[in-house]
Amino acid sequence: MKYALIGCGRVSTNHVRSALENGLDIIALCDVIPEHMEAIAARHNLPGADKIRRYTSHRDLLANESPELVGIATESGCHAEIAVDCINAGCNVIIEKPIAMSLGDADRIIAAMEAKGVKVSACHQNRFNDAIQELQAALDAGRFGKLSHGSVNIRWMRDRAYYDQATWRGTWALDGGTLMNQCIHGIDLLRWVMGNDIDTVYGFTANRHHDYIEGEDIGVAVVRFKNGAVATIEGTVNVYPKDMEETLCVFGETGTVKIGGTNVNKVENWDFADEHSGDEAARELHEASANVYGNGHHAIYADTIDAIKNDRQPYVSAYDGRRALELVLAIYRSQKTGMPVKLPMDDFATIEMAGVFGS
């Protein structure tokens, strides 16, 4: 299957590695900075690197190549435009999180996808973590009984050096704040495991330690689901001196699970009223990962390839990507208006937060 990667920055190595591991034929790379393409080709010692075409414009790539699958790993604010162009060219796509910066753009992606009949996968790779898969299986089996509440805590650190690596980071137009960038993976998981359908969101955000960016560096929210369960969200990059945890908890009348580690990769509590034969093994799950991205990119690629071949929706679809985006944007709208936000929500964009923190 012919593959092209658009965007060769920080996260692109996970995409290239996953493409190679899944046997894709890398035919083209694209980045506005040519050195980024050369660096990623050298880092992975790409086979036939001299024959892999390089482009600084994704439209030139699409005009000259015919990839069956495209990975999009540019700055977040460019995801939607590039995705729609790729879809309209007949390409299946894997889009790094978030899939867009506004609900209107997410809907444009979905409309194009449905019109063209291609597959679109949202890169929320932590759904494939071993511990998360075990948790979802327990939920599907009804082992929690009636859900009471849940929580997600993303307590990380990002210093000025991180933001100085790229001028788009922390901007409302191209990135958003910590909830949209670092925390959307955990927010996606919380919405997914708690039943997806949300009634009300009430949130607060602030910029406490990063006055050189436009977005928030701390956000908290309370979420009420339509099934009656409630949940809390805490996300920040203000933890000194390094990343502390990404922790997801689910509490039901007959079950309690806490998954922690730096990126929801370690079972810390696993207790159910009905002990199963696999519970002891579940309690020992601690999936090693080289960084906070985890290991799920490989699975995202494998699943998307299978979805293309078997004409089914990807495990993490564009609809899932829109749901995660909607929850973050609901927190933003609540901060801006000072009011609870009802879902489903009409169009809202990160750029509408400009000036909220005086920047």
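Before moving on, here are some points about what is shown:
- Seen through its C-alpha gyration tensor, with square-root eigenvalues sorted a ≥ b ≥ c, segment 172-269 comes out oblate because a/c lies at 1.5 or above while a/b is not bigger than b/c.
- Residues Glu284, Glu68, Glu134, sorted so that the one with the fewest Cβ neighbours within 10 Å comes first: Glu284, Glu68, Glu134
- Estimated dipole of segment 1-140 in Debye, rounded to 20 [Cβ of Lys and Arg +1, of Asp and Glu -1, Cα centre]: 180 debye
- Per the Kirkwood formula applied to alpha carbons, the chain shows a radius of gyration over Rh ratio, Rg over Rh, of 0.96.
- The charge dipole of the chain, taken about the Cα centre with unit charges on the Cβ atoms of Lys, Arg (+1) and Asp, Glu (-1), comes to about 360 debye, rounded to the nearest 20.
- Out-of-range pairs (alpha-carbon distance over 32 Å; input Lys2/Lys242; Lys97/Lys336; Lys119/Lys146; Lys226/Lys258): Lys2/Lys242; Lys119/Lys146
- Note on segment 235-319: the C-alpha convex hull projects to 8.3 nm² when averaged across all orientations.
- Rounded to the nearest 20, the size of the Cβ-charge dipole of segment 212-359 about its Cα centre is 540 debye, with Lys and Arg at +1 and Asp and Glu at -1.
- Length-normalised contact order of the chain in % [C-alpha pairs under 8 Å, at least 6 apart]: 20 percent
- Stretch gain in nm, segment Glu275-Thr56, where the contour uses 0.36 nm per residue and the Cα spacing is subtracted: 73.2 nm
- When each of the peptides 244-253, 225-234 is scored by how many other beta carbons lie within 10 Å of its residues on average, the order from highest to lowest is 244-253, 225-234.
- Signed unit charges on C-beta, dipole axis of the chain, positive-most listed residue Gly7, Phe357, His210: Phe357
- Shape of segment 243-293, Cα gyration tensor, a/c cut at 1.5: oblate
- From its DSSP helices (H runs of at least four residues, each -39,500 (n - 2.57)), the chain gives a residue-normalised ellipticity at 222 nm of -10000 deg cm²/dmol.
Values in this text are rule-based calculations from the coordinates and carry no lab data. Here the structure is a predicted model, which is why all the values come from computation and not from measurement. Please note: Cβ atoms are built from the backbone with ideal geometry, for glycine as well, and neighbour counts cover all protein chains shown.
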